[in-house]
Amino acid sequence: KMKELLQQYATYNLWANKTLLAKLRGVSSEILHKETGSSFGSIYKTLVHLMEVEEIWWQRLKLQDHVQMPKKDPDENIELVSSRLLTLSKQWSEWVIESNEKNLTHVFAYYNSKKEFFKQPVNEVLLHLFNHQTYHRGQIVTLLRQNGIEKIPATDFIVFTRNKLSRH
């Protein structure tokens, strides 16, 4: 049952990212880069954070000795960041689908960004990752609203499950 739940969350994360990114494509560069005082300063920087987090946890999960922040591309724009984020979200979803109970309960060791050492089961890290992404997507939605952007698609988990049910 745990695998089913994690598959649902991984698929939801990919869907929610796709849904929000589709809305961001129509937002002006001025609004995307406007400094707001939010956690990461702007919608764009928050989006970069979403992408970086998925990359960093992927490296940790794959037991990379030295986790590296994704390289900053001087030409990076919303399209490149969006593409990288969706590729990572799809990778996470596929990994969870292909995993077994042993993969998901495996305890692995990693260092966080403050160089603190932890050991945790994969399933706890996955729940954290998907919850973290939801939190920051919510910040992006708030920043969009504060900038007068309307008709923002709902990315709530319940909306995802309702949509999924209606497709059957």
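The values are calculated or read from the model by the stated rules, or taken from the named source; none is laboratory data. Here the structure is a predicted model, which means the values were calculated and not measured. Neighbour counts run over all protein chains shown; Cβ positions are idealised from the backbone, glycine included. Heavy atoms of the whole protein, side chains included, go into the accessibility calculation; ligands, DNA and RNA do not. Shrake-Rupley method; radii C 1.70, N 1.55, O 1.52, S 1.80 Å.
Of the set (1) in contact with a Lys or Arg (Cβ under 8 Å, 6 or more places away or on another chain); (2) in a helix (DSSP H, G or I); (3) open to solvent by 30 Å² or more (accessible area, probe 1.4 Å), all apply to Ala109 but (2). Please work out which residue is nearest to Leu143 (Cα to Cα), limiting yourself to segment 24-39 and to residues that are open to solvent by 50 Å² or more (accessible area, probe 1.4 Å) and assigned to a helix (DSSP H, G or I). Out of the qualifying residues, it is His33.
Of everything in segment 113-168 that's basic (Lys, Arg) and assigned to a helix (DSSP H, G or I), which residue is least open to solvent (accessible area, probe 1.4 Å)? By that ranking, first place goes to Arg137.
Of the set (1) farther than 18 Å from Thr11 by Cα; (2) loosely packed, with under 13 Cβ neighbours inside 10 Å, all apply to Ile78 but (2). Return yes when Gln139 is free of Cβ contacts under 8 Å to residues at least 24 places away in the same chain and of a type in the set (S, T, N, Q) and no when it is not. No: the conditions fail for Gln139.
Taking the criterion of being part of a helix (DSSP H, G or I), at pLDDT 95 or above and surrounded by 14 or more Cβ atoms within 10 Å (Cβ to Cβ), the residues of segment 92-104 that qualify are Trp92, Ser93, Trp95, Val96, Leu104.
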